[in-house]
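The values are calculated or read from the model by the stated rules, or taken from the named source; none is laboratory data. All figures in this text were calculated on a predicted structure; none of them were measured in a lab. Please note: Cβ atoms are built from the backbone with ideal geometry, for glycine as well, and neighbour counts cover all protein chains shown. Protein only, heavy atoms only, side chains kept; ligands, DNA and RNA dropped before computing areas. Shrake-Rupley method; radii C 1.70, N 1.55, O 1.52, S 1.80 Å.
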Amino acid sequence: MSIWRLIDRDAERWLLLIFYVMLVVTMAIEVLRREVFSYSSIWGEEIVRYSFIYLAWIGAAAAAKERAHIRIDVLMHYIGPRPKALLYIFGDLVMFVVAVIALYWSLETVHVSYKFGSVTDGLRISKVWFLMAVPVGFSLLIWRLLQSFL
């Protein structure tokens, strides 16, 4: 099996695992520090917040890949296979248009942050790394929708 097929098959799953583990471990450490040592850090809260944001956007792409997005399925039980397929394609087209528009505007936000050199409060690193969660998520979503169309 080629590396590209492996990435295509498991990329979201591994990314979700990495960000979820990072979120849970950091949160556990911060709770321990706060409750046992009466001390907490700014960076821990930021790591958890930004890990959750990446989880949400990568999860959206994973849901598109598995066709697990929220849909109103009541109507789907009462129609034939052809109208059902057309409704699924229509839903994917609407999602695709929204994703392309959102990708454009999210890249604008990243560009402004890069241009002015904004940094996070606790970690003091460029916010671009964290703002990129949105364009990365929408890019993955667009990729998975294109695969679905094909």
Candidates 60, 64, filtered to the one that is within 20 Å of the chain's Cα centre (by Cα), modelled with pLDDT under 85, of a type outside the set (S, T, N, Q) and under 16 Å from residue 136 (Cα atoms): 64
Among the numbered conditions (1) farther than 28 Å from residue 14 by Cα; (2) open to solvent by 70 Å² or more (accessible area, probe 1.4 Å), tell me where residue 33 comes up short. (2)
Those residues that are open to solvent by less than 70 Å² (accessible area, probe 1.4 Å) and among the hydrophobic types (A, V, I, L, M, F, W, C), I need them from the stretch 95-124; list them, please. 95, 96, 99, 100, 102, 103, 110, 112, 119, 123
Would you confirm whether or not the stretch 81-92 contains a residue that is open to solvent by less than 60 Å² (accessible area, probe 1.4 Å) and hydroxyl-bearing (Ser, Thr, Tyr)? no
Check the stretch 38-49 and report whether any residue there is touching a residue at least 60 places away in the same chain (Cβ under 8 Å) and not in a helix (DSSP H, G or I). yes
Give just the number: which of (1) among the polar types (S, T, N, Q); (2) within 29 Å of residue 145 (Cβ to Cβ); (3) open to solvent by 90 Å² or more (accessible area, probe 1.4 Å) does residue 38 not satisfy? (2)
Among the residues of the stretch 57-71, write down those that are touching a residue at least 40 places away in the same chain (Cβ under 8 Å) and either in contact with a His (Cβ under 6 Å, 6 or more places away or on another chain) or surrounded by fewer than 13 Cβ atoms within 10 Å (Cβ to Cβ) (or both). 67
Please find, within the stretch 12-23, the residue that is least open to solvent (accessible area, probe 1.4 Å) out of those that are free of Cβ contacts under 8 Å to residues at least 12 places away in the same chain and of a type outside the set (Val, Ile, Thr). 17
